[in-house]
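Notes follow once the structure below has been shown.
The values are calculated or read from the model by the stated rules, or taken from the named source; none is laboratory data. Computed from a prediction, not measured in an experiment: that's the story for all the values here. For neighbour counting, all protein chains shown are included, and Cβ atoms are generated from backbone atoms with ideal geometry for every residue, glycine included.
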Amino acid sequence: MKAIVTGAAGFIGSHLCERLLKDGWTVVGVDNFDDFYDPQVKRNNIKDCLRNKQFKLVEADIRDSAAMNKVTNEGIDVIVHLAARAGVRPSIAQPAIYADVNVNGTVTLLEAAKKNNIKKFVFASSSSVYGNNKKVPFSENDNVDFPISPYAATKKAGELICHTYHHLNGIAMTCLRFFTVYGPRQRPDLAIHKFAMLIEDGKPIPVYGDGSMMRDFTYIDDIIDGTMAAIDKCAGYHIYNLGESRPVTVNTLIGEIEKALGKKAVIERLPLQPGDVERTYADVTKARRDLGYNPNTEISDGLRRFVEWLRQ
């Protein structure tokens, strides 16, 4: 079996490529190594994959239709589309680039899939599509018509575009709403990585609001298990939540990072930021039923593994 993974050198992408290779797949990794964060970090993420003869790296932008047509014309069984301009707060400052990469890039890739008769497509969506949903836990059946950041809006748009291509072209589509993924190789701009680095260095950590905001932190291994199941069972059009379904407050998270590091945090309280949702909390009933998804990593265990990686 042969898969394309876009965003292959990123945090989730590099872990997924390794799992696919371990399971005997041939993998074409697509990444443009943009400078949203240090490209060398991404090259380090992918270095083990590059040693595997079953892996091919294509350095290209998903908005480049010629490159996407070429890469999809290689007997591909499934595309796993993880590449995106990421981050809620940066999207407020740069909405146009988010729309271009996340919406136009997805359309370009879907057009290539249609042209080359690829019948399975897995799309990385986000828990951010739920906005400030008052009902918890968040269900795939909830109304997601009220995103509160450009990033969230582009992910909702991606789900809708995927449905259109499923309806018109018969491509099996699975959209995965990831909930605050963490673990080794997590992006350096995300809270756990940023907090751990600052605490390790004895510097203050920026906390927006009073720390009561809740997030459904989900360990990378559980996310990869769910994604592999989604690849295997991709049929029709479906949306699934992939979360740990055990949200914790930011204050609790800081306490757990302190335990994992064996160091105390110095906290700098700052005003709440536009676009930040109050809480995320995944209802994973549908993913359990259809995919056999079974997240089981306690936050304390996941953070311990993350700190081990960080200190290497």
R215: passes all of (1) buried (at least 19 other Cβ atoms within 10 Å of the Cβ); (2) in contact with a helix residue (DSSP H, G or I) (Cβ under 8 Å, 6 or more places away or on another chain); (3) under 22 Å from R19 (Cα atoms) but (3)
Scan region 271-296 residue by residue and report those that are assigned to a loop (DSSP other than H, G, I, E, B), of a type in the set (A, V, I, L, M, F, W, C) and either out of contact with any strand residue (DSSP E or B) (no Cβ under 7 Å at 6 or more places or on another chain) or buried (at least 16 other Cβ atoms within 10 Å of the Cβ) (or both).
V277, V284
Under the condition of being under 16 Å from the mean Cα position of the chain (by Cα), surrounded by fewer than 23 Cβ atoms within 10 Å (Cβ to Cβ) and not acidic (D, E), which residue from region 1-32 is nearest to A86 (Cα to Cα)?
H15
Name the residues in region 117-140 that are under 21 Å from the mean Cα position of the chain (by Cα) and of a type in the set (K, R), would you?
K120
Just one listed residue, out of A260, A230, is touching a residue at least 40 places away in the same chain (Cβ under 8 Å), small (G, A, S) and within 30 Å of I171 (Cβ to Cβ), and it is A230
(1) under 22 Å from A3 (Cα atoms); (2) among the basic types (K, R); (3) touching a residue at least 60 places away in the same chain (Cβ under 8 Å) all hold for K114 apart from (3)
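How many of the residues making up region 125-170 are of a type in the set (A, V, I, L, M), in contact with a strand residue (DSSP E or B) (Cβ under 8 Å, 6 or more places away or on another chain) and over 18 Å from A282 (Cβ atoms)?
Going through region 125-170, the residues of a type in the set (A, V, I, L, M) turn out to be 129, 136, 144, 148, 152-153, 157, 160-161, 168.
So of that shortlist, the ones also in contact with a strand residue (DSSP E or B) (Cβ under 8 Å, 6 or more places away or on another chain) come out as 129, 136, 152.
Next, from what is left, pick out any that are over 18 Å from A282 (Cβ atoms): none.
Number satisfying all stated conditions: 0.
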So, in region 169-209, how many residues would count as being in contact with a Phe, Trp or Tyr (Cβ under 6 Å, 6 or more places away or on another chain) and either within 23 Å of G226 (Cα to Cα) or buried (at least 16 other Cβ atoms within 10 Å of the Cβ) (or both)?
13
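Go through the residues of region 45-59 one by one and say whether even a single one is among the aromatic types (F, W, Y), surrounded by 14 or more Cβ atoms within 10 Å (Cβ to Cβ), out of contact with any Asp or Glu (no Cβ under 7 Å at 6 or more places or on another chain) and free of Cβ contacts under 8 Å to residues at least 40 places away in the same chain.
As a first pass, look at region 45-59 and keep what is among the aromatic types (F, W, Y): 55.
Restricting the remaining residues to those that are surrounded by 14 or more Cβ atoms within 10 Å (Cβ to Cβ) gives 55.
Imposing the further condition that a residue be out of contact with any Asp or Glu (no Cβ under 7 Å at 6 or more places or on another chain) reduces the set to 55.
Of the ones still in play, those that are also free of Cβ contacts under 8 Å to residues at least 40 places away in the same chain are 55.
Yes, some residue in region 45-59 is among the aromatic types (F, W, Y), surrounded by 14 or more Cβ atoms within 10 Å (Cβ to Cβ), out of contact with any Asp or Glu (no Cβ under 7 Å at 6 or more places or on another chain) and free of Cβ contacts under 8 Å to residues at least 40 places away in the same chain.
From T227, T249, T164, T174, which residue is β-branched (V, I, T), touching a Ser or Thr at 6+ places or on another chain (Cβ under 8 Å) and either at pLDDT 95 or above or more than 20 Å from A124 (Cα to Cα) (or both)?
Details: T227 fails: touching a Ser or Thr at 6+ places or on another chain (Cβ under 8 Å); T164 fails: touching a Ser or Thr at 6+ places or on another chain (Cβ under 8 Å); T174 fails: touching a Ser or Thr at 6+ places or on another chain (Cβ under 8 Å).
That would be T249, the only listed residue that is β-branched (V, I, T), touching a Ser or Thr at 6+ places or on another chain (Cβ under 8 Å) and either at pLDDT 95 or above or more than 20 Å from A124 (Cα to Cα) (or both).
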Candidate set: region 297-306, residues that are within 20 Å of the chain's Cα centre (by Cα) and not basic (K, R); chosen: the one surrounded by the fewest Cβ atoms within 10 Å (Cβ to Cβ)
E298
Going by the conditions given, is L253 of a type in the set (A, V, I, L, M), in a strand (DSSP E or B) and either under 29 Å from A113 (Cβ atoms) or touching a residue at least 40 places away in the same chain (Cβ under 8 Å) (or both)?
no
So K135 clears everything in (1) assigned to a loop (DSSP other than H, G, I, E, B); (2) over 23 Å from Y293 (Cα atoms) except one condition, right? Which one?
(2)
Out of region 197-220, which residues are over 26 Å from L242 (Cα atoms) and not acidic (D, E)?
M197, L198, I199, G202, K203, P204, I205, P206, G209
Looking at (1) in contact with a helix residue (DSSP H, G or I) (Cβ under 7 Å, 6 or more places away or on another chain); (2) surrounded by 16 or more Cβ atoms within 10 Å (Cβ to Cβ), find the lone condition where D225 falls short.
(1)
